[in-house]
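Data block below; observations after.
The values are calculated or read from the model by the stated rules, or taken from the named source; none is laboratory data. Computed from a prediction, not measured in an experiment: that's the story for all the values here. In this analysis, Cβ positions are derived from the backbone assuming ideal geometry, glycine residues included, and neighbour counts consider all displayed protein chains. With ligands, DNA and RNA removed, areas are computed over all heavy atoms of the protein, side chains included. Shrake-Rupley method; radii C 1.70, N 1.55, O 1.52, S 1.80 Å.
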Amino acid sequence: IPVHIDSKKTIDSNPLIKAIMSIVNIILNNWRPDDVLSLLKTGMFNVNPDKLENNILRIGLKGKKSWEECEDRECLYLFNKIIPFETSLKEAKDIHTVICVLCDFMQKNRFDKIIKEKADEFLRLNMLDYANEYYRTWNIVIEIFNQIDAFLGDIKVSGVHNALNTLKRFLDSGF
């Protein structure tokens with residue numbers, strides 16, 4: 001008797017989506033360790049998540065100020081990757097600009113290439129479902145960004161937290 005078990009997987013379990021939402025949450029929640037660890041586990045940055053997790057716990061990093069003052073090389077690497085994104089958001093006056101800043105951040109950090117490399121690796125391993133998921137997720141993210149920009153891009157924002165809270169609401173709905 002053939003048995004078919006279908007399990008639906010939500011898109012927010014994909015590393016790209018987790019990375020985007022984690023970066024937003026890191027800034028919104030003042031560098032809460034859970035948000036940073038969530039980002040690290042996506043594999044979108046060239047750091048050892050287990051080693052960095054141990055460093056975060058050992059040093060007791062909580063809050064942007066402690067990350068800023070940290071002298072650990074891997075902690076500084078991650079901090080210096082995310083801070084330019086936050087700084088660029090200070091200039092944002094509307095959602096269109098926020099999306100442009102986020103896309104620029106993703107491009108500078110090679111998110112597209114990382115996702116493509118992971119999808120290609122799944123292809124080499126003959127794991128076609130996973131490869132297809134990674135290829136499709138990138139396209140879905142770009143399509144959601146385009147739709148948010150087209151329909152809501154002219155919504156005014158002021159300040160980093162207002163900009164990210166507004167974007168987060170839209171992304172939660174889109175994803």
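Collect the residues in region 21-55 that are at pLDDT below 90 and hydrophobic (A, V, I, L, M, F, W, C), keeping them in residue-number order.
Residues satisfying the conditions are Val47, Leu52.
Can you tell me which condition Lys18 does not meet? The list is (1) modelled with pLDDT under 95; (2) within 24 Å of Lys108 (Cβ to Cβ); (3) of a type in the set (D, E, K, R), and all the others hold.
Tallying (1) modelled with pLDDT under 95; (2) within 24 Å of Lys108 (Cβ to Cβ); (3) of a type in the set (D, E, K, R), Lys18 fails exactly one: (1).
Taking only pairs six or more apart or across chains, which ones have beta-carbon atoms under 6 Å, a first residue in region 66-78 that is within 12 Å of Pro33 (Cβ to Cβ), and a second residue that is open to solvent by 10 Å² or more (accessible area, probe 1.4 Å) and hydrophobic (A, V, I, L, M, F, W, C)?
Trp67/Phe79
Suppose we filter region 40-65 for residues that are of a type in the set (S, T, N, Q), open to solvent by less than 30 Å² (accessible area, probe 1.4 Å) and touching a residue at least 24 places away in the same chain (Cβ under 8 Å); how many remain?
Qualifying residue count for the region: 1.
Quick one: which residue in Asp154, Asp149 is in contact with an Asp or Glu (Cβ under 8 Å, 6 or more places away or on another chain) and not β-branched (Val, Ile, Thr)?
Being in contact with an Asp or Glu (Cβ under 8 Å, 6 or more places away or on another chain) and not β-branched (Val, Ile, Thr) holds for just one of Asp154, Asp149, which is Asp154.
So which helices (runs of 4 or more DSSP H) are wholly in region 79-156 and hold at least 2 residues that are among the basic types (Lys, Arg) and surrounded by fewer than 18 Cβ atoms within 10 Å (Cβ to Cβ)?
111-124
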